[in-house]
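The values are calculated or read from the model by the stated rules, or taken from the named source; none is laboratory data. The shown structure was predicted, so the numbers you read here are calculated from the model rather than taken from an experiment. A quick note on method: Cβ atoms are made from the backbone with ideal geometry, for glycine too, and the neighbour counts reach across all protein chains shown.
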Amino acid sequence: MMQLKNALRFTVIVCGMGLAMQSCQSNSDQQHAQPPVKEGIDSLQAARIKELEKIFFSIPSPVEMSSLIKEKGYQFDVKKLNPAENVSKYAGEVKQAVNLGVYGADLSYAAMFDQKQVTMEYFASAQNLAKQMGVDGALTNEIIERLDKNQESRDSLLKIVSEAYADLNGYLKENQRIEVSALVVAGGWLEALYLSSIYAADGNVDMRQRIAEQKYALNNLVDYFEKFGEKENLKEMKADLFALRDIYNAAQENKGKTSTSKDASGVVTIGTTTTISIDDATLKAIATKATELRNKYTSF
Amino acid sequence: MKLYKIILPLVLLAPFVADAQCRAFTKNQCLPQLDGYIQNDNYNSAMLVPGDEAELLLTFYGGKEYRLVVCAHPILGSVDFEITDTGGESIYKGNSAENGVFDFKMTSTQQLIVKLRVPEQKSSVSTHEGCVSVMAGSKELN
């Protein structure tokens with residue numbers, strides 16, 4: 001098996017992707033004699049590009065979304081989170097993966113508010129869930145020790161939590177659990193949207209704006225799920241994201257222009273005249289749907 | 001022909017099957033470049049070969065300071081990248097070897113695209129695969 005793997009690796013190295021059609025098929029007679037080979041390479045190259053698109057995907061992390069909650073002076077409320085003790089009640093790959101994302105968002109929220117004890121408790125739940133799923137290679141005990149040592153610094157807590165979830169994302173992609181990775185990301189985003197929408201209910205303009213801006217992340221997430229076709233384990237979340245997108249279609253986006261400037265130290269500032277907004281009814285509909293979905297996935 | 005059918009798919013998809021080293025490279029060589037920023041928790045690293053191109057759409061929030069890092073294994077040489085807005089207007093051009101770290105501030109929320117290209121190695125007899133990683137980190141504006 002190892003020899004075969006090495007032989008394949010050697011072929012990749014010698015041919016390369018960009019050179020595959022040239023170096024490995026330099027004989028033009030051979031090309032004419034075997035048109036299916038070229039067609040085969042074309043379709044495989046297309047498949048490879050599709051695989052790349054599944055790896056290169058990004059939406060703002062729950063930390064980025066929920067940082068505004070802290071900035072605006074709201075108080076931490078553990079009752080808003082999915083109870084950490086529920087962790088053992090989730091069965092099935094979909095629920096476990098989504099809740100791994102939910103716990104990731106919850107522990108980011110706790111870390112944001114310097115809640116060291118809660119952060120550690122939620123990390124332990126996330127680790128427990130990852131173990132149940134057989135994907136605990138990234139959420140290690142070493143991270144719990146790091147969290148414990150860095151309790152006095154909010155940035156360190158956030159840094160450790162974010163790096164752990166990025167590494168989990170990498171671990172899942174590396175171990176061919178890319179669909180699980182998509183569900184974890186969707187679960188985290190959904191929980192952050194749910195938490196933000198609770199705080200936005202008081203009419204805070206900035207919180208409302210942050211909810212409106214989630215249209216970008218949602219569209220990106222929907223496009224991402226579409227790349228997987230009709231995968232059974234993604235079907236339910238895909239339908240739910242589509243339903244949420246239907247509500248978000250009411251958000252008003254006015255396309256503008258991008259501007260850039262440089263300050264004296266050479267740092268670039270990027271701005272845009274593009275605006276996105278939602279009215280009261282849309283905000284309420286988004287909050288209702290986010291709550292419904294969040295409750296559906298966190299129930300057992 | 002049968003052998004071709006079996007081996008070719010494996011060859012073309014091999015970079016994604018064998019990227020254990022890429023995760024370690026990302027953690028050890030790329031992540032330290034985000035020092036001072038909170039990492040976005042998405043993982044965008046893959047084994048690429050010369051001639052490969054990839055695109056990444058990212059959302060950046062207004063009122064935050066960001067660092068974007070394009071980090072590539074030296075075996076690939078210098079990986080070119082360009083940051084554009086969604087209309088295709090160029091904002092920054094760089095390469096992983098010389099200026100792979102881009103710091104910027106956002107005044108309003110916007111989506112930007114990072115386009116990567118691994119240059120062909122025309123003079124080389126063999127072609128190598130290597131890890132390429134795109135990382136984004138944020139912090140509050142001071």
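Worth a mention:
- In region A:181-300, counting only strands (runs of 3 or more DSSP E) that sit wholly within it, the ones holding 1 or more residues that are among the β-branched types (Val, Ile, Thr), within 12 Å of chain B (Cβ to nearest Cβ) and within 30 Å of B:Ile91 (Cα to Cα) span A:258-262, A:268-272, A:275-277.
- For A:Lys284: the one exception among (1) among the charged types (D, E, K, R); (2) surrounded by 11 or more Cβ atoms within 10 Å (Cβ to Cβ); (3) not assigned by TED's automatic domain parsing to the domain that holds A:Glu213: (3)
- Qualifying residue in region B:34-47 (condition: part of a strand (DSSP E or B), under 13 Å from the mean Cα position of the chain (by Cα), under 30 Å from A:Thr275 (Cβ atoms) and not β-branched (Val, Ile, Thr)): no
- Selection of region B:71-111 for residues being outside any loop (DSSP other than H, G, I, E, B) and closer than 19 Å to A:Asp263 by Cβ yields B:Ile83, B:Ile91, B:Tyr92, B:Gly94, B:Val101, B:Phe102, B:Asp103, B:Phe104, B:Lys105, B:Met106, B:Gln110.
- In region B:15-29 there is no residue that is in a strand (DSSP E or B), at pLDDT 90 or above, surrounded by 19 or more Cβ atoms within 10 Å (Cβ to Cβ) and touching a helix residue (DSSP H, G or I) at 6+ places or on another chain (Cβ under 6 Å).
- Taking region A:88-123 as the range and being more than 20 Å from the chain's Cα centre (by Cα) and in a helix (DSSP H, G or I) as the test, the residues that pass are A:Ser88, A:Lys89, A:Lys116, A:Gln117, A:Val118, A:Met120, A:Glu121.
- A:Ala239 falls short on exactly one of the conditions (1) touching a Lys or Arg at 6+ places or on another chain (Cβ under 9 Å); (2) more than 19 Å from A:Glu71 (Cβ to Cβ), and that condition is (1).
- Residue among A:Leu172, A:Leu158 that alone is touching a strand residue (DSSP E or B) at 6+ places or on another chain (Cβ under 9 Å), in the same structural domain as A:Glu93 (by TED's automatic domain parsing) and in contact (Cβ under 8 Å) with a residue 12 or more places away in the chain: A:Leu158
Rundown of residues vs (1) away from every other protein chain (no Cβ under 11 Å); (2) over 26 Å from A:Gly170 (Cα atoms); (3) surrounded by fewer than 20 Cβ atoms within 10 Å (Cβ to Cβ), yes/no style:
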position	(1), (2), (3)
B:Tyr66	no, no, no
B:Glu82	yes, no, yes
B:Tyr92	no, yes, yes
B:Asp103	no, no, yes
B:Gln110	no, no, no
B:Val132	no, no, no
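- Of all residues in region B:40-49 being facing another protein chain (nearest Cβ under 7 Å) and touching a strand residue (DSSP E or B) at 6+ places or on another chain (Cβ under 9 Å), the one that is nearest to B:Phe104 (Cα to Cα): B:Asn40
- Applying the condition of being polar (S, T, N, Q) and facing another protein chain (nearest Cβ under 7 Å) to region B:21-39 and asking which residue is nearest to B:Glu98 (Cα to Cα) yields B:Thr26.
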